[in-house]
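*Asks:* One structure, pasted below without further comment.
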Amino acid sequence: MQSRAEMMRKNSHTLLLAGDKDEGGTIDLLYYSGWQKPCIHYRVLGTEVWTTLPGEAFVPNASGDGFSIKIQGKGIEFVCNDGVPSGWDKAPGDKNYFINNPGRYTLKNGKIEQQLSPPKAPTLVVASEVGSTTVALSWNPPEGMEPSEIGGYIVYRDGEKVYKGDAGLTWVDSGLKGNQEYTYEVATVNVQGTESPKCLSTTVRTNMPGKPGPPAWLKVSATAPDFVQLFWKAPLDHGGASVTAYNIWRRAPDTDASTSECVGTVIGRDVETGKDRDVLEWKDTDVKEGAQYLYQVSAVHLPDQNLMRSKSQAQIVEELRKKASNSLLSVDEDVNEGPLCDDVVGKAAAQLKAPRMGDTEPHIMLQAFNWESCHNKNGWYNVVKGAVPKMKEAGIDMAWLPPPSQCVDDRGYLPSEWYNLNSKYGSDADLRSCISEMVSAGISPIADVVINHRCASKQDGNGKWTSFRNPDWEAWAICNNDPSGTGQGAASTGQNIEYAPDIDHTNQKVQEDSKAFIKWLMDDVGFRAIRLDFVLGYGAWFQEQYVRAVGNPYAVAEYWHGDVQVLKNYINATKGVVAVFDFPVYYTLKNAIHSNDFSGLNWGGTLPGVMGSDPMRSVTFVENHDTSHLAVVGGKFGDNNQVCRAYAFLLTHSGIPSIFWSDWSDRGPDVQKQLVALCQVRKSCGVHCTSRVNIVSSQGGLFASYIDGKNGTIAFKMGSNDWGPGGDGWKVKATGHEYCVWAKGGL
């Protein structure tokens, strides 16, 4: 049986953080106890030899207040007792006490505290390296202080605290002005948070200013037939002097950089306040409608007054010079202007109007990929880019692209590094080029956002796949009930999946990163709408947050369920900010067309599914990348005739219709011709998601209806029976096997 002392040795507990350890030294311990003759039973750290019970006796203090003992060693593990020993003083949790470094300590009421002398200032502060915008400082630790007593250092610049750090003896001050004096002082902070007096100061003059860095985040913020507007941010490195202006450079795309011309200058500083402007933008009005221009921007310390394009600008530059700092006035001419930033291309054309939930535009969506698109040898983004002219001709104005991120699987639905856009579908550059082509054609790209689950990039120290990169997470981001058993987060707020770790969306960092990623896809990559993958996997309230956080773009969710009430409950849970793919319509329409019985398309005078009850949140479809190959839905929708009949119904009625790539591209020229005609009649008559529908027949062999658009009215029939609209003025606009579309009015 183990003795009580042996058990105490096993259940050791550290009450002090380990600091720098000396190989020798003395531990002076003051112990407050009600025992008459207390003892300390201990071992010196680095040895396994314990004192003989009851240990060494404490010596009463002359003041009568407590007991003292001095022990030689770098640290000790110990317990105290009453000297018999029959009573023991243990650390909280029935653990042993630890002191890890030499020094003076007190033990009272189960708490160890180090008794420290007032901290001393560090010595010999020097500037080890000086640049235009940086000063590297180093110093020696204070004399007479044990390393274990030092908690860190505070650096003051010109009397202002600019840094508080650990016990390291160097620090680099950045973002400074060139040719300017700065005075530095350093103070020591001990482990108890007490600050020492400041050391002797050192004064440093920075080097002469150099070139500013390139401006950041240049983008085209707006376009119209008569202008292109640019937006950018200040450079990360100002070169040691203020940046007061920016030059805008322009040339034609695909021409040599030597053809660039400076076409404008923007003053970046408010002369009255002396502050840099928050908004940096410029509008190019010297453009030709439909023409494309390549733009770059450079940062300028102080612009040349003689090169200003207006009298008012010249006056502003004169004022800037009058108020310029010594750093600004000392800038040499050859470093006055920095390098050009990365270029952007803008087209003088009407800006793309992104879709919004419930708007009354006659939207048509194309799912611009299928299950095998990732294996296309030409690169899928290049294939889609080549199809943009035909999409534009048809009137397609929304294109759902495959998941963009680097992925463990080929198809993109097991993402790993979110911000790595090189995938089996093509490169980052290919994707951006495809999106640019779409936007120029008036087509809104839709991002397939897969954030319910995510695959780790590396194994952790235990061989578990829990280390995520780009953004960086660890096991804390995985739900604790994930089937892998590796999660340390909270329980999942939705359904678990087997094929990738479920992400804990209750975690604040996960929420912040999810919002930032979607915003980046919209603002930087250029997507205009989003599709949320597998929304069954995490709470609808998170999806609502994410959509609202990025400005409420049009959002549609994959919620695979055939019960319309279930889908409506989901929509309500998102507070209506997310639409759904209308699976009830998919199942109902497939059955109706195969049976030639259309009675199921009339639900008490309205259309079926979400299409009938909440059409602004319904995206209707004939096929998608899943249903086209999964046996669970009974195989593909049908033959060419059946598919065209289904699209004729969807493209002429309410909701937002979605065309599947394989139906659009792979069923032959006759099918595509019919689809183009159906798209064009929807556009011409202005049929939109909430257009009024009047069902006049829904029975075996016949479905017939009238649909009111903004610009005209459509009459529609399908089925084996004959039917025609009443009244005059109707013209046949599209026809195929057992369907016909008439229109009255339209553009």
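The values are calculated or read from the model by the stated rules, or taken from the named source; none is laboratory data. Small disclaimer: the values here were computed from a predicted structure and weren't measured. Quick reminder, even Gly has a Cβ in these numbers, built from the backbone with ideal geometry, and neighbours come from all protein chains shown. Just so you know, the surface numbers come from the protein's heavy atoms only, side chains and all, with ligands and any DNA or RNA stripped out. Shrake-Rupley method; radii C 1.70, N 1.55, O 1.52, S 1.80 Å.
*Asks:* Would you kindly find the accessible area of Trp171, with a 1.4 Å probe and non-protein molecules such as ligands, DNA and RNA excluded, rounding to the nearest 10 Å²?
*Replies:* In the full protein context, Trp171 sits at about 40 Å².
*Asks:* What is the pair-distance distribution P(r) of region 564-634, computed from all Cα-Cα distances in 10 Å bins starting at 0, with each bin given as a whole percent?
*Replies:* That works out to 19, 48, 29, 4, in percent per bin.
*Asks:* Let me ask another. With no solvent and one equal point scatterer placed on each C-alpha of region 104-165, evaluate the Debye formula and give log10 I(q)/I(0) for q = 0.20 Å⁻¹, two decimals.
*Replies:* Debye curve over Cα of region 104-165, log10 I(q)/I(0) at q = 0.20 Å⁻¹: -0.90.
*Asks:* Restricting to bridges with both residues inside region 449-580, how much of the DSSP beta-bridge set is antiparallel, in percent to the nearest 5? Provide the component values of the computation, followed by the final result.
*Replies:* Working: 4 of 11 bridges.
Given both bridge residues lie in region 449-580, the antiparallel proportion sits at roughly 35 percent.
*Asks:* Considering the convex hull of the alpha carbon atoms of the chain, report its projected area averaged over all viewing directions, in nm², one decimal.
*Replies:* Computing the convex hull of the Cα atoms and averaging its projections yields 46.3 nm².
*Asks:* Ordering Met208, Met522, Met718 by accessible area with a probe of 1.4 Å, largest first, what comes out?
*Replies:* On the way: Met208 90, Met522 30, Met718 0 Å².
Ranked from most to least accessible, the order is Met208, Met522, Met718.
*Asks:* What is the Rg over Rh value, at two decimals, for region 265-421, using alpha-carbon atoms and the Kirkwood definition of Rh? Could the numbers behind the result be given before it?
*Replies:* Numbers: Rg = 23.8 Å, Rh = 21.0 Å.
Here Rg/Rh amounts to 1.13.
*Asks:* Sorted from largest to smallest, which semi-axis lengths in Å does the alpha carbon gyration tensor of region 489-588 give for its equivalent ellipsoid, taking the root of 5 times each eigenvalue? Write out the running numbers ahead of the final one.
*Replies:* Working: eigenvalues 97, 66, 29 Å².
That gives 22, 18, 12 Å for the three semi-axes.
*Asks:* Next question. Provide the solvent-accessible area of Leu340, counting protein heavy atoms only and rolling a 1.4 Å probe, rounded to the nearest 10 Å².
*Replies:* Counting only protein heavy atoms, Leu340 exposes about 70 Å² to solvent.
*Asks:* Related question: Could you work out [θ]222 nm for the chain from helices alone, using -39500 (n - 2.57) per DSSP H run of at least four and dividing by all its residues? Round to the nearest 500 deg cm²/dmol. Walk me through the intermediate numbers first.
*Replies:* On the way: 13 runs with 136 residues, N = 747.
So the calculated ellipticity at 222 nm is -5500 deg cm²/dmol.
*Asks:* If you count only protein heavy atoms with a 1.4 Å probe, what accessible area per residue comes out for the chain, rounded to a whole Å²?
*Replies:* Numbers: 32650 Å² over 747 residues.
Accessible surface, normalised per residue, equals 44 Å².
*Asks:* If we restrict to alpha carbons, what Rg and Dmax does region 604-747 come to, in Å?
*Replies:* 14.7, 47
*Asks:* Just the number, please: carbon plus sulfur as a percent of the accessible area of the chain, 1.4 Å probe, no ligands or DNA/RNA counted. Please list the in-between numbers first.
*Replies:* Details: 15510 of 32650 Å².
The computed percentage sits at 47.
*Asks:* On the principal axes of its Cα set, how long, how wide and how thick is region 70-123? Give whole Å, largest value first.
*Replies:* Principal-axis extents of region 70-123 (Cα, largest first): 51, 22, 16 Å.
*Asks:* From the protein chains alone at 1.4 Å, what is the descending order of accessible area for Lys683, Lys283, largest first?
*Replies:* Numbers: Lys683 50, Lys283 95 Å².
Largest to smallest exposure gives the sequence Lys283, Lys683.
*Asks:* Also, I was wondering about something else. Please give the Cα centre distance for region 580-647 versus region 450-496, rounded to the nearest Å.
*Replies:* A separation of 37 Å, based on Cα centres.
*Asks:* What whole-number value in cubic angstrom gives the convex hull volume per residue for the C-alpha atoms of region 649-714?
*Replies:* Numbers: hull volume 6.0 nm³, N = 66.
Normalising the Cα hull of region 649-714 by residue number yields 91 Å³.
*Asks:* In the full protein assembly as shown, how much of Glu512 is accessible to a 1.4 Å probe, in Å² to the nearest 10?
*Replies:* Number for this one is 90 Å².
*Asks:* Something else about it: For labels at Tyr587 and Ser720 in the simple 7 Å Cα→Cβ model, what's the distance in nm?
*Replies:* 2.6
*Asks:* Turning to a different aspect of this structure: Could you state the per residue volume, in Å³, of the convex hull enclosing the Cα atoms of region 137-264? Don't skip to the end; give the middle numbers.
*Replies:* On the way: hull volume 22.4 nm³, N = 128.
It is 175 Å³ per residue.
*Asks:* At 25 °C and a viscosity of 0.890 mPa s, what translational diffusion coefficient does Stokes-Einstein give for region 528-651, taking Rh as the Kirkwood radius over Cα pairs? Give it in µm²/s as a whole number. Don't jump to the answer; show the numbers that get you there.
*Replies:* Numbers: Rh = 15.2 Å.
Answer from the Stokes-Einstein relation: 161 µm²/s.
*Asks:* Report relative contact order for the chain in percent, whole number only (criteria: Cα-Cα under 8 Å, sequence separation at least 6). Walk me through the intermediate numbers first.
*Replies:* Details: 1751 pairs, mean separation 51.9, N = 747.
That works out to 7 percent.
*Asks:* Can you give the FRET efficiency for Val632 and Asp256, using 1/(1 + (r/R0)^6), R0 = 51 Å, r = Cβ-Cβ distance, to the nearest 0.05? Mind dumping the intermediate values first?
*Replies:* Details: r = 57 Å, r/R0 = 1.11.
The pair Val632/Asp256 has a calculated efficiency of 0.35.
*Asks:* Hey, with R₀ at 22 Å, roughly what FRET efficiency would Thr690 and Ala222 work out to, going by the Cβ-Cβ distance, to 0.05? Before the final figure, lay out each step's value.
*Replies:* On the way: r = 29 Å, r/R0 = 1.30.
E(calc), rounded to 0.05, equals 0.15.
*Asks:* Provide the FRET efficiency to the nearest 0.05 for the Ser427-Leu124 pair, computing r from the beta carbons and using R0 = 56 Å. If you can, show how the numbers build up before the last one.
*Replies:* Numbers: r = 53 Å, r/R0 = 0.95.
So the FRET efficiency works out to roughly 0.60.
*Asks:* Distance between Cα centroids, region 178-240 to region 30-109: provide it in whole Å.
*Replies:* That distance is 53 Å.
*Asks:* Here's something else I'd like to know. If you keep only loop residues by DSSP, which trypsin sites (Lys or Arg not before Pro) in region 361-397 have at most 16 other Cβ atoms within 10 Å of their Cβ? Present the calculation step by step, with values, prior to reporting the outcome.
*Replies:* Working: sites: Lys377, Lys385, Lys390, Lys392; in loops: Lys377.
Hits after loop and neighbour filter: Lys377.
*Asks:* For region 586-724, calculate the relative contact order in percent as a whole number, restricting contacts to Cα pairs under 8 Å that are 6 or more residues apart.
*Replies:* Numbers: 239 pairs, mean separation 33.8, N = 139.
Once divided by the residue count of region 586-724, the mean separation gives 24 percent.
*Asks:* Using only the Cα atoms of region 31-170, each taken as one equal point scatterer with no solvent, compute I(q) by the Debye sum, divide by I(0), and report log10 of the ratio at q = 0.14, 0.16, 0.20 Å⁻¹.
*Replies:* Here the Debye-derived log intensity ratios amount to -0.76, -0.88, -1.18.
*Asks:* Taking the alpha carbon gyration tensor of region 418-461, what are the square roots of 5 times its eigenvalues, largest first, to the nearest whole Å? Spell out each step's value before the answer.
*Replies:* On the way: eigenvalues 162, 33, 8 Å².
Calculated on Cα positions only, the semi-axes equal 29, 13, 6 Å.
*Asks:* A further question on this structure: For Thr202, Thr606, write out the residues from largest to smallest accessible area, computed with a 1.4 angstrom probe and no ligands counted. Mind dumping the intermediate values first?
*Replies:* Numbers: Thr202 30, Thr606 60 Å².
These residues rank, largest area first, as Thr606, Thr202.
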